[in-house]
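Working notes, beginning with the structure itself.
The values are calculated or read from the model by the stated rules, or taken from the named source; none is laboratory data. Computed from a predicted model, the values in this text were never measured in an experiment. Here the Cβ positions follow ideal geometry from the backbone for every residue, glycine too, while neighbour counts run over all protein chains shown. These accessible areas exclude ligands, DNA and RNA; they are computed on the full protein's heavy atoms, side chains included. Shrake-Rupley method; radii C 1.70, N 1.55, O 1.52, S 1.80 Å.
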Amino acid sequence: MGTGGTDHRPRRGGSHFRFRSVWDLDAPPALVYRTLERAGEYPRWWPQVRRFTSADGRTGTAVIRSALPYALRVTATELLRDPAGGVLEVALSGDLEGWARWTVRPRGTRTRALYEQEVEVSRPLLRRLAVPGRPLFRLNHTLMMRAGQRALAARLAARPEAV
């Protein structure tokens, strides 16, 4: 994963999480990709992405809050941006350490966007709660991804020319 020999895989342990979400969308792959590559616009359509501040075009910091009463602060640094291959990959640091990747592919007349994330929780309180709270953390992530899929589908259907 990653480029330049950088190993951005998290350590294994009780605070290690792997997530995978599949979004099937009624829009062309190029439009879905263009929307997903504009992380600075996520707060406009994805309710759980509360804020995104770009540092330099390759790095930005997001504040994310889903159903549980805590917000995560995560810095994403671009590792791979491949429009032809439909891949966006970032290294994550801050409250979560690891990586995340979108892979966008045509699927019949629709588009399938696969989101994969592998992270280690680094915030001390969340590390302590990682094992007993694992089912809640996973549910929290699932709810966030469902809301994101619905919001992106609505955005693409409402005004694709504005995306």
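Candidate values (1) 149; (2) 240; (3) 112 were compared with volume of the Cα convex hull per residue in Å³ computed on the shown model; the agreeing label is (3). Note that the stretch 84-98 has calculated 3J(HN,Hα) couplings of 5, x, x, 10, 10, 9, 10, 8, 10, 9, x, 5, 10, 10, x Hz, one per residue in order, obtained from phi through the Karplus relation 6.51 cos²θ - 1.76 cosθ + 1.60 (θ = phi - 60°); glycine and proline are x.
Model label sites at R44 and D56, defined 7 Å from Cα along the beta-carbon direction, differ in position by 2.6 nm.
Note on S93: accessible area approximately 40 square angstrom, rounded to 10, probe 1.4 Å, nucleic acids and ligands left out. Per residue, the chain exposes 53 Å² of solvent-accessible protein surface, assessed with a 1.4 angstrom probe and all protein chains in place. For the stretch 52-123, the C-alpha radius of gyration sits at 1.23 times the compact-globule guess of 2.2 N^0.38 Å, with N the residue count. Note on the chain: helix-only mean residue ellipticity at 222 nm, from DSSP H runs of 4+ residues weighted -39500 (n - 2.57) and normalised by residue number, equals -8000 deg cm²/dmol.
Stretching the chain fully between D82 and D24 yields a gain of 18.9 nm (0.36 nm per residue, less the alpha carbon separation). The relative contact order of the chain comes to 29 percent, based on Cα pairs under 8 Å that sit 6 or more residues apart. Note on R73 and R138: the model spin-label points, each 7 Å out from Cα along the C-beta direction, lie 3.0 nm apart.
Quick check: the distance between the Cα centres of the stretch 94-140 and the stretch 38-84, to the nearest angstrom? If you average the Cα positions of each part, the centres end up 13 Å apart. Computed in the context of the full set of protein chains, the accessible area of the chain at 1.4 Å probe radius has 53% of its extent on carbon or sulfur.
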